[in-house]
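Heads up: the structure comes next, in structure tokens.
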Amino acid sequence: MRRTCLALLSGFLLLAAGAPAAADRTRPQPSATVSVTLSEALREKAVSTYGLAEIEALAEELESDVARELSRTGVMIGGRVELVLEDAKPNRPTRKEMSDRPGLSFRSFSVGGARITGRTVSFDGKVTPIRYDWYATDITDARHGSVWADAERTFDSFARRLSRGQLYALR
């Protein structure tokens, strides 16, 4: 009986102290609308060399990384981020490359990366162009990475920097 009274009392105190606010923190924060398209050059390269499905999956990953970081920080609420994936280089041969060239080995590795351009449109209509690229310069880590490891690293870095407002200074 005593434990029940204590439990009810502590529950009442939590409600009085603002526990519903905790429920608001679990609700997703409104964020910017993010869209990613492929440049014509990358689309052609994807069709002829990498495989269009892999490049489209990369574009979806970029979109999801940027949306996640913007939602987490609350930057660009009510705005839009319109990105173009200009280039992507894999660290290992893609499935299409492996099927097109049977002598190619998945053990092969090289440096990779990606280039992103686009613009942000704030809730009040202000347009800011953005550009970001990163390509690995050292092959040391490529041995241990996946096919698109350096491109994914580029996306993560881009998303973090954009969500912190650091890319606006790089124009």
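Annotations
- All conditions in (1) under 30 Å from residue 105 (Cβ atoms); (2) at pLDDT below 60 hold for residue 43, with the sole exception of (2).
- Here the stretch 122-135 is the region considered, the condition is being without any contact (Cβ under 8 Å) to a residue 40 or more places away in the chain and surrounded by 14 or more Cβ atoms within 10 Å (Cβ to Cβ), and the residue that is farthest from residue 160 (Cα to Cα) is 134.
- Residues that are within 14 Å of the chain's Cα centre (by Cα) and surrounded by 18 or more Cβ atoms within 10 Å (Cβ to Cβ), drawn from the stretch 68-81: 69, 70, 71, 81
- Unmet criterion (only one of (1) at pLDDT 90 or above; (2) surrounded by fewer than 20 Cβ atoms within 10 Å (Cβ to Cβ); (3) farther than 25 Å from residue 43 by Cα) for residue 119: (3)
- Qualifying residues in the stretch 152-171 (those that are modelled with pLDDT under 95 and among the small types (Gly, Ala, Ser)) - the one least open to solvent (accessible area, probe 1.4 Å): 163
- Which numbered condition residue 40 misses (of (1) over 17 Å from residue 117 (Cβ atoms); (2) surrounded by fewer than 17 Cβ atoms within 10 Å (Cβ to Cβ)): (1)
- Some residue of the stretch 47-55 being at pLDDT below 90, more than 21 Å from residue 132 (Cα to Cα) and of a type outside the set (Ser, Thr, Tyr): no
The values are calculated or read from the model by the stated rules, or taken from the named source; none is laboratory data. This is a predicted model, so every value here is computed, not measured. As a convention, Cβ positions derive from the backbone with ideal geometry for all residues, glycine included, and neighbour counts pool all protein chains shown. Please note that ligands, DNA and RNA were not included when accessible areas were found on the heavy atoms of the full protein model with its side chains. Shrake-Rupley method; radii C 1.70, N 1.55, O 1.52, S 1.80 Å.
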